[in-house]
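One structure below.
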Amino acid sequence: MVRYLVPLGVFAMLVALLAVGLRHDPRKIPSPLIGKPAPEFSLPALTDPARRITRADLLGKVTLFNVWASWCVSCRDEAKVLDGLAKSRVVPIYGLNYKDRRAAALEWLKVFGDPYVANAFDREGQVAINWGVYGVPETFVVDAKGIIRYKQIGPITPQVLKDTILPLVRRLQQEARRR
Amino acid sequence: MKAPSAWLLALLLVAPAAHAATGGGPPPPTPTSGFTNPKEDARYHALLKNLRCLVCQNESLQDSQAGLAQDLRREVREQMRAGKSNPDIVKYLVSRYGDFVLYRPPLMGTTYLLWFGPFLVLIAGIVALFVLLRRRTRRPDPDPLPAPERRRLAALLREREEGSKR
Amino acid sequence: MIPEIGHFALVLALCLALVQAVLPLLGAWRGVPEWIAVARPAARAQSLFVLLAFLCLTYAFLTNDFSVAYVAENSNTALPWFYRIGAVWGAHSGSLLLWVSILSVWTLAVTFGSRSLPEDIAARVLGVMGLVSIGFLLFMLMTSDPFTRLFPAPLNGRDLNPLLQDPGLVMHPPMLYMGYVGFAVPFAFAIAALLDGHLDAAWARWSRPWTTAAWLFLTLGITLGSWWSYSVLGWGGWWFWDPVENASFMPWLVGTALIHSLAVTDKRGAFKTWTVLLAIFAFSLSLLGTFLVRSGVLVSVHAFATDPRRGIFILIFLALVVGLSLLLYAWRAPAVKGGGNFHVLSRETLLLVNNVLLVSAAFAVLLGTLYPLILEGMAVGKISVGPPYFDTVFIPLTLPLVFLAALGSLVRWKRQPFRALIGYVWLPLVFCTAAGMLFSFWYLGRVHALLVVSVIAAFWVMLLSARDIWWRVRRNLAGGTRWYRVPRHVLGMALAHFGIGVFVLGVALAGTGSLEKDVNMHPGDAVQLAGYTYRFDGVTETRGPTYTATQARVTVSRDGQVLATLYPQKRIYIVQNMPITKAGIRPGLLHDFYVSMGEPTSDGGWAMRLYFKPMVRWIWLGPLFMALGGLLAAGDRRYRLAVVRQTQPKERAAVRPATQPLPASPGGS
């Protein structure tokens, strides 16, 4: 009798698995960079081509590193959330302007708000590849020592900000202060 | 197989001749990869075929027209030009995008089942088959009519007899 | 008005499906003839209402009724009429309606084809099919009603998905679903037999033609899909191991195993529980395929727009259908007794080995398809499983099958003397080995191990299948019978096995002999490939009913003689603003010329991908032989006679000989 139940058992496992699978978004690719040092980069600033933004700018404090573009529709929704966050002065936000035209990006900042401390201008998307970016918007939480601690794929919603990003930022800031 | 063989023969004879002919005429169009050395070009395309376009539904970097795929192709070309080996390039992409970028899953703790599972099933099947064969060959031939069927046959014959009596 | 009739027809069909399922099953259980008698009329009425709904939706498409949301989303006034018909099943709701409609076609076929079965068995079979209908009708009405109205109605529709605007894709889903859904019939027979508790050889004999029919449609459907992806996707490939392709391939592999296992159960009364399990598996994998395509758990080129609610519904339905079937199996199977004995070297053993290999291969496909999901579910990383995995794992599991297939008709049931077998095969084996090695050397100029083995296997199975028929004909000539009187199932088997050889030859030669070049071309440029000159003549703008296109002209010539003119296109579908490449192909029995256009390059040229593809048509020709073989076998008079004989079911025990008389010569049935 028992051996005739084997197919049923195997099938039950399969169903459980598929049920779990239903809850995952197959399009999200977890970043292998989490827990690793943020990749080096040196790019011209969006507002001032003569100035360079580098990895060193992110060090010494907890930062958000937000990848965005003026052609990205869901970045517009995110802009409101980021604006609110910038006004609260909890954490500085650095931007990576991804495969954009400079004029269009500057115009966009005027229309949708500019929450950024500074923006690196990645015309060819090469730095983005080095950071493992595969779509916009994406946001990295980088700790004071320059280690990537979290990556948000897709726009930061008020929900994500409240439940995930802010608690993590506070914890990282405490960590940095204790040292 | 007559016709294909004739064609294959022709192909074989013509191929080297055609190759030689390219030297004379106008310069041949350049490969899109920019690698004029055919070996490099082939290596480039072979590498791309086994890498996944991350934003596409399910396409390789070789086939995809997506913007990110074009950027990643450029990255691969630049690393090749910088003299990096295939494993170096693959290692770089995996460090940025994870194992998801590989169409051939690496052999590691979590993929042993994937790589060996089908063969385990095959072995299990063959073992089961062997056990079954031993049983089947040793057992004496069963009654040509299994017992329930024989009972039914008897009932049937009875029925028919009764029917014919009526 | 018409869409409302369609919707109402679906509701009525659901009610009738309830009747069709409940009354006959209860009737067969309790022995109430009146309830059993309900099965056929209820099944027919249910089917007719579903088909009516299908006609209503087709009518809505043909008349451009954009007040129906589904039509508005998937059609357009500019769409030619045949694509409008194809658009009926061009997206989720409609393809679900197609699924149910095809189940109706099979149900109708069973109501007519089962007239000679014992009434209680037929009632159970139709009852089980009714249960399946209930599930899918509920699914459609609850989550994806294709008749939902849109107010206000838009002036024009959003057009059919451009990828699907291709003749191959109009026919692909109906064929594929005929196969998928067709496995519901052997499944219903298996469940009916388990419920009845009387699993015997007669059950296997009844199931055989239905299984073969479903299998042949599935073969055609997969072949059409492969041909479509070759001509539309523009990558020159014919199989991508995409999850959706795999979803149709798994039932095919298990269905193929089932066909062979049914033969043993029919002829020798053996492996009954295994056969019944395969029948359940084949249909379960069809349902699983439906789940994978609909639920969005996997990333695929073909996946439909998805909705988690749908995924949950199908998963629950899948769990119920398959779970209950396997529970029933666990309850009934232990009581089933095995059939006759057989020797180590016998047709039974070979067919078992065939089953082990096919099931392992199906498992490999299942594992490869679901493994990313498994790892993600356990949160231990995300991987891709692509062609390199499947090629590595699948080929060693299936290549031995090709060698076995050739022996199928040579080896006797029960026991095959070893020496006699060697006598039959040594000469062909030597010949094929030599021919395969020479061929490979000749083809590539070197010995390529996989090519050698594949070519040997292909020659071997083609030669032996042909010889089998030749022996039959010769025997007929000698025996005074008309020479062409070869049993159709024997002819069917030989043809299907021959088709495997054709397919393997195509795969091996196209795989190793294809040449491609990825070049930046300007008008007037010429490239040499495989001894042919591909000249790019330039581009022109052109337009079709629903798209504008940039069309290139490439002439292929050799020694100044033009052999083909190819017109690859880059199309932009106007409504959805979606780019699609359409390859320019000159098909040929021996080789295809194939060109696809890429992007314009920075220096004013075009990125062009040029291919020379030898023997690629054989990849689809082989499955056509297989399907034709299936058609011959499914239509064999033997099954019809067998069914007629079953009109006196009680006699079957007396009539069926326990062992088949041994064939007079190798190549016996």
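The values are calculated or read from the model by the stated rules, or taken from the named source; none is laboratory data. Owing to the predicted nature of the structure, the values given are computational and were not obtained by experimental measurement. With ideal geometry, Cβ positions are generated from the backbone for all residues, glycine too; neighbour counts draw on all protein chains shown.
For the reader, a short list of remarks on this structure follows.
- The criterion of at least 2 residues that are crowded, with 19+ Cβ neighbours inside 10 Å, among the hydrophobic types (A, V, I, L, M, F, W, C) and within 30 Å of the chain's Cα centre (by Cα) is met by the following helices (runs of 4 or more DSSP H) wholly inside the stretch C:1-68: C:2-30, C:39-62.
- Only one of C:Gly588, C:Gly622 that is outside any strand (DSSP E or B) and in contact with a helix residue (DSSP H, G or I) (Cβ under 8 Å, 6 or more places away or on another chain): C:Gly622
- Test result for C:Lys613, of a type in the set (Lys, Arg) and crowded, with 24+ Cβ neighbours inside 10 Å: yes
- Taking helices (runs of 4 or more DSSP H) as the structural unit, those lying wholly within the stretch A:81-179 and holding at least 1 residues that are among the basic types (Lys, Arg) and under 25 Å from A:Pro30 (Cα atoms) correspond to A:166-178.
- Qualifying position, being closer than 29 Å to C:Ala364 by Cβ, more than 12 Å from every other protein chain (Cβ to nearest Cβ) and in contact (Cβ under 8 Å) with a residue 40 or more places away in the chain, among C:Ala406, C:Ala458, C:Ala449: C:Ala406
- Scanning the stretch C:134-150 for residues that are surrounded by 21 or more Cβ atoms within 10 Å (Cβ to Cβ) and among the hydroxyl-bearing types (Ser, Thr, Tyr) gives a single hit, C:Ser144.
- Helices (runs of 4 or more DSSP H) wholly inside the stretch C:125-242 containing at least 1 residues that are over 21 Å from the mean Cα position of the chain (by Cα): C:184-196, C:201-232
- Residue within the stretch A:38-50 that is more than 14 Å from chain C (Cβ to nearest Cβ), under 17 Å from the mean Cα position of the chain (by Cα) and within 22 Å of A:Arg170 (Cβ to Cβ) present: yes
- Selected residue (criterion: farthest from B:Cys56 (Cα to Cα)) from residues of the stretch A:43-76 that are polar (S, T, N, Q) and in contact with a helix residue (DSSP H, G or I) (Cβ under 8 Å, 6 or more places away or on another chain): A:Thr47
- Subset of the stretch C:253-275 [of a type in the set (A, V, I, L, M, F, W, C) and either farther than 14 Å from C:Trp210 by Cα or part of a loop (DSSP other than H, G, I, E, B) (or both)]: C:Leu253, C:Val254, C:Ala257, C:Val264, C:Ala270, C:Phe271, C:Trp274
- Checking B:Leu61 against (1) over 21 Å from the mean Cα position of the chain (by Cα); (2) more than 10 Å from chain C (Cβ to nearest Cβ), the condition it does not meet: (1)
- Pick from the stretch B:27-56, criterion more than 8 Å from every other protein chain (Cβ to nearest Cβ) and more than 28 Å from the chain's Cα centre (by Cα), ranking: modelled with the lowest pLDDT: B:Pro27
- The lone criterion from (1) of a type outside the set (Phe, Trp, Tyr); (2) under 30 Å from B:Gln57 (Cβ atoms); (3) out of contact with any Lys or Arg (no Cβ under 6 Å at 6 or more places or on another chain) left unmet by A:Arg55 is number (2).
- Test: C:Leu351 is part of a helix (DSSP H, G or I), more than 10 Å from chain B (Cβ to nearest Cβ) and surrounded by 21 or more Cβ atoms within 10 Å (Cβ to Cβ): yes
- Extreme residue, nearest to the chain's Cα centre (by Cα), among residues of the stretch A:14-27 that are more than 7 Å from chain C (Cβ to nearest Cβ) and at pLDDT 80 or above: A:Ala16
- Test: residue in the stretch C:464-478 that is surrounded by 15 or more Cβ atoms within 10 Å (Cβ to Cβ), in contact (Cβ under 8 Å) with a residue 40 or more places away in the chain, under 25 Å from C:Leu628 (Cα atoms) and of a type in the set (Gly, Ala, Ser): yes
- Contact map, the stretch C:122-138: first residue farther than 13 Å from C:Leu14 by Cα, second residue charged (D, E, K, R), Cβ cut-off under 9 Å, separation 6 or more or different chains; pairs are C:Ala122/C:Arg40; C:Ala122/C:Arg115; C:Ala123/C:Arg40; C:Arg124/C:Asp196; C:Leu126/C:Arg40.
- Members of the stretch C:505-555 found to be aliphatic (A, V, I, L, M), assigned to a strand (DSSP E or B) and more than 8 Å from every other protein chain (Cβ to nearest Cβ), listed by number: C:Leu515, C:Leu529, C:Val539, C:Ala549, C:Ala552, C:Val554
- Single unsatisfied condition, C:Gly94 versus (1) among the small types (Gly, Ala, Ser); (2) touching a helix residue (DSSP H, G or I) at 6+ places or on another chain (Cβ under 9 Å); (3) in contact (Cβ under 8 Å) with a residue 60 or more places away in the chain: (3)
- Sole exception among (1) among the aromatic types (Phe, Trp, Tyr); (2) buried (at least 24 other Cβ atoms within 10 Å of the Cβ); (3) closer than 21 Å to C:Asn64 by Cα for C:Tyr180, by number: (3)
- Any chance C:Lys414 is outside any helix (DSSP H, G or I), touching a Ser or Thr at 6+ places or on another chain (Cβ under 6 Å) and over 20 Å from C:Val461 (Cα atoms): yes
- All conditions but one from (1) part of a loop (DSSP other than H, G, I, E, B); (2) buried (at least 16 other Cβ atoms within 10 Å of the Cβ) apply to C:Val380; the one that does not is (2).
- Of the residues making up the stretch A:166-179, not a single one is more than 16 Å from A:Pro92 (Cβ to Cβ) and under 13 Å from the mean Cα position of the chain (by Cα).
- C:Arg149 being touching a Pro at 6+ places or on another chain (Cβ under 8 Å) and assigned by TED's automatic domain parsing to the domain that holds C:Phe8: yes
- Test result for A:Ile29, part of a loop (DSSP other than H, G, I, E, B), in contact (Cβ under 8 Å) with a residue 60 or more places away in the chain and under 30 Å from C:Leu292 (Cα atoms): yes
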